[in-house]
Structure formats: C-alpha cells, structure tokens
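The values are calculated or read from the model by the stated rules, or taken from the named source; none is laboratory data. Given the structure is predicted, the values throughout are model-derived calculations rather than measurements. All Cβ positions, glycine included, derive from the backbone under ideal geometry; neighbour counts span all protein chains shown. Quick note on the areas: whole protein, heavy atoms, side chains included, nothing else; ligands and nucleic acids left out. Shrake-Rupley method; radii C 1.70, N 1.55, O 1.52, S 1.80 Å.
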Amino acid sequence: MENIFIQSSGLLAIIILGYLMKRLNLLSKKDGDRLSIIIVYLTLPAAIIVNLWHLVIHQNLLRLILLGIVWSILQIFLAFFISMKKDRIKQKLLMYCGSGFNIGNFLIPFIQSVNPSLVPFISMFDIGNSIMLTGGSPAIIERLTSRQVSFSLRQLIVNLLKSVPFLCYLVMLIFRSTSISLPESLYIILTPIANANIFLSMFMIGLYLDLRIPFADMKSILQLYALRFGVGSLLVLIFMFSPLNRSLQLIFSLLAVSPIPLFGVINAVLSGVKEELVGFASSLSFIVSLFLMTLIMLIF
C-alpha cells in the first residue's frame, strides 16, 4: 500500500514539476507539443513492444478488443440520452469528452509505474478504443447530433495506419499469435526507451495543465465530470462486487475513471465547443483521475 502511494505521489510530482517549469517560463506549451511527438513516435511504441514482448495470446485477451469498442459506444449513447434537452454544443461536449479512454498518454504510464503486469490487458483494450477514437466515435456522434455525416471505413483504416502506437499493437499481436520471435537484442535496446515513457508522459501533462477556471462554464464542467467520473465510480463499485477475477476487476475499474482522451478534446473543439472550456476540463481530469486511480489501487 505504501509503495502505491509513493508511486502515485511521484507521478503527481512530475506533473507539478512540468507545470512549474511552464509557470516559470523555463518551458512552454509548445515544448509539450514537441514532447508529445517523442512520446507518440518513440517512447509509447517502445513501451507497447516491451510490455507485449512475452504476451501469450488467448481468447479472453481478444475479447478485450471488442469490449473497447462496445464500451465506447455505450458511453456515447449514455451521454446522448442525458443531454437530449441541451443545446447541440453542450451535447457534443458531453458526448466527445464523456466517452473514450486516455490510455496511451496516461493509463499505460500509470500502470507501468505501479503494476506493469497489467499493461498487456490494457493494451488489448486500447486497440478497440483506438478504432473508436480515430473514426468510430465521431461518425456516431455527428450522426446522432443530426449532422448526418456518413461513416467512412476507408478513412478509419487510413487514420489507424497513421497511428504508430496502433501499428505497434497490431504488429505485436501478429507476432505473439504466431511462432515468429523477435531478436532479444531489440528488447534490450527498447527497454530504456520504454522506461522513459512514464516520466515524459507525466511531464507533458504538466506542461499542458491549464487551471484557469472559466466560471461561466462551471455548470457544464460539473455535468461532464458527473457523467465521466460519477458514472465511472458507480461502475467501479459494480466491478468490485462482480464475479470477474481480481485482475479484470482492477483493469476495468481503472478504465472507468480514466481522464478525457486527446481525440475527445480535438473532436470537441472541431465541432464547435469552446477551446478554453475543453482545455480546462481535460487538464483537471488528469488530476481527478490520478486521485481516483490511486484510491482504486489502494483498495485493491
């Protein structure tokens, strides 16, 4: 228990360090953009490969891919029904930011630091999550909010193939499903790069952190958090008393309280939601999520 608290405190300290470096004008949000490139193209792919290196593929793991798709769809429809009487912009805020999972930039680094053995399970779920975030979710949301945007399977595939982390998931899934083995020297080379993913991801969050409170929009933020973390906390209670094995209970509980995903932020802004509102909601969600995830780890 003490180790979990120390690990989580360390992650929060890195986030605060990044935020202070920005506030002292030693670094800026643009440096966060540069870090995100390093993370997406180097450290996160390395972390995926290293953590899936010894993965044994079985049917339950493959089901997690489908679950990542189904869970995201259920989140979208729940947000839609809750927000039916709201104007279209507020409805899109809840649908885009209330669905999906921030796994690559937050949950994987968190799990890496406290319980690396769970990363392969989270990674399988993230394959389905990636399919939704890169094309599935926007197609459903825009259709539900009456813009009648047609779904393009070709565009979805193109978006997925442009995603280096998704390609790493796919390649490792193929290798681990066959008898083909990768050279052990590659594992040795990638391990220190993968280890850097934890620090860089948390530090980047600190650089992006924006705690300026848009008071006029606080009601919308509270409604979003009630949907994302309120419903998520109820799901945690359900998972804790479910007949699932302990590892799956923990994984699903952590997923239920994950922060707002980057694609949710981007798509919400593109659909007309105020950038300041989404930026604040997204920033604060990392802190709320870190607290809830730490609490869940301590309970388990």
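Looking only at the range 237-294, which residues are among the β-branched types (Val, Ile, Thr), in a loop (DSSP other than H, G, I, E, B) and modelled with pLDDT under 90?
Within the range 237-294, the subset among the β-branched types (Val, Ile, Thr) is 238, 251, 257, 260, 265-266, 269, 273, 278, 287-288, 294.
Still in the running and in a loop (DSSP other than H, G, I, E, B): 257, 260, 273.
Matches in the range 237-294: Val273 only.
Checking the conditions here, which among Gly100, Gly135 is small (Gly, Ala, Ser) and touching a residue at least 40 places away in the same chain (Cβ under 8 Å)? If you could, list the steps in order and put the result at the bottom.
Details: Gly135 fails: touching a residue at least 40 places away in the same chain (Cβ under 8 Å).
Step by step, each of Gly100, Gly135 is checked, and only Gly100 is small (Gly, Ala, Ser) and touching a residue at least 40 places away in the same chain (Cβ under 8 Å).
For the structure I just gave you, tell me whether Phe121 is at pLDDT below 85, aromatic (Phe, Trp, Tyr) and surrounded by 13 or more Cβ atoms within 10 Å (Cβ to Cβ).
Taking the combined requirement at face value, the residue does not satisfy it.
Only one of Leu62, Leu44, Leu67 is open to solvent by 60 Å² or more (accessible area, probe 1.4 Å) and of a type in the set (A, V, I, L, M). Can you tell me which?
Numbers: Leu44 fails: open to solvent by 60 Å² or more (accessible area, probe 1.4 Å); Leu67 fails: open to solvent by 60 Å² or more (accessible area, probe 1.4 Å).
Answer to the check: Leu62.
Looking at (1) within 21 Å of Ile4 (Cβ to Cβ); (2) in contact (Cβ under 8 Å) with a residue 24 or more places away in the chain; (3) open to solvent by less than 30 Å² (accessible area, probe 1.4 Å), which one does Met240 not meet, given that it meets all the others?
(3)
Just to be sure I understand, how many residues within the range 196-213 are assigned to a helix (DSSP H, G or I) and either under 30 Å from Val273 (Cβ atoms) or without any contact (Cβ under 8 Å) to a residue 40 or more places away in the chain (or both)? Let's see the steps before the verdict.
Initial filter on the range 196-213 (assigned to a helix (DSSP H, G or I)): 196-208.
Narrowing further to those that are either under 30 Å from Val273 (Cβ atoms) or without any contact (Cβ under 8 Å) to a residue 40 or more places away in the chain (or both): 197, 200-208.
Residues meeting the conditions: 10.
Quick one: in the range 177-213, of everything that is open to solvent by 70 Å² or more (accessible area, probe 1.4 Å) and within 24 Å of the chain's Cα centre (by Cα), which residue is nearest to Leu64 (Cα to Cα)?
Result: Asn195.
In this structure, does Ser271 turn out to be open to solvent by 10 Å² or more (accessible area, probe 1.4 Å) and of a type in the set (S, T, N, Q)? Don't jump to the end; show me each part of the working.
Values: open to solvent by 10 Å² or more (accessible area, probe 1.4 Å): yes; of a type in the set (S, T, N, Q): yes.
So Ser271 passes the test.
Please go through the range 47-59 and pick out each residue that is surrounded by fewer than 20 Cβ atoms within 10 Å (Cβ to Cβ) and either in contact with a helix residue (DSSP H, G or I) (Cβ under 8 Å, 6 or more places away or on another chain) or under 16 Å from Cys168 (Cα atoms) (or both). Reasoning before the result, please.
Just the residues of the range 47-59 that are surrounded by fewer than 20 Cβ atoms within 10 Å (Cβ to Cβ), to begin with: 53-59.
Result: Trp53, His54, Leu55, Val56, Ile57.
Looking at Ala139, Ala216 in this structure, which one is open to solvent by 50 Å² or more (accessible area, probe 1.4 Å), part of a helix (DSSP H, G or I) and modelled with pLDDT under 85?
That would be Ala216, the only listed residue that is open to solvent by 50 Å² or more (accessible area, probe 1.4 Å), part of a helix (DSSP H, G or I) and modelled with pLDDT under 85.
Residues to consider are Arg34, Arg63; find the one that is over 17 Å from the mean Cα position of the chain (by Cα), among the charged types (D, E, K, R), over 19 Å from Asn129 (Cβ atoms) and not in a loop (DSSP other than H, G, I, E, B). Lay out the reasoning, then the answer.
Working: Arg63 fails: over 19 Å from Asn129 (Cβ atoms).
Just a single option satisfies the conditions, and that option is Arg34.
Go through Tyr169, Tyr208, Tyr187 for me and flag whichever is of a type in the set (Phe, Trp, Tyr) and touching a Gly at 6+ places or on another chain (Cβ under 6 Å).
Values: Tyr169 fails: touching a Gly at 6+ places or on another chain (Cβ under 6 Å); Tyr187 fails: touching a Gly at 6+ places or on another chain (Cβ under 6 Å).
Just a single option satisfies the conditions, and that option is Tyr208.
Within the range 79-86, does at least one residue satisfy the condition of being at pLDDT 90 or above, in a helix (DSSP H, G or I) and either open to solvent by less than 60 Å² (accessible area, probe 1.4 Å) or among the charged types (D, E, K, R) (or both)?
yes
Could you say which residue among Val149, Val158 is out of contact with any Phe, Trp or Tyr (no Cβ under 8 Å at 6 or more places or on another chain), assigned to a helix (DSSP H, G or I), open to solvent by 40 Å² or more (accessible area, probe 1.4 Å) and modelled with pLDDT under 90?
Numbers: Val149 fails: assigned to a helix (DSSP H, G or I).
The unique qualifying residue is Val158.
Name the pairs whose Cβ atoms lie under 9 Å apart, with the first residue in the range 40-60 and of a type outside the set (Phe, Trp, Tyr), the second in a loop (DSSP other than H, G, I, E, B) and surrounded by fewer than 21 Cβ atoms within 10 Å (Cβ to Cβ), and 6 or more positions between them or separate chains?
Val40/Ser163; Ile49/Leu182
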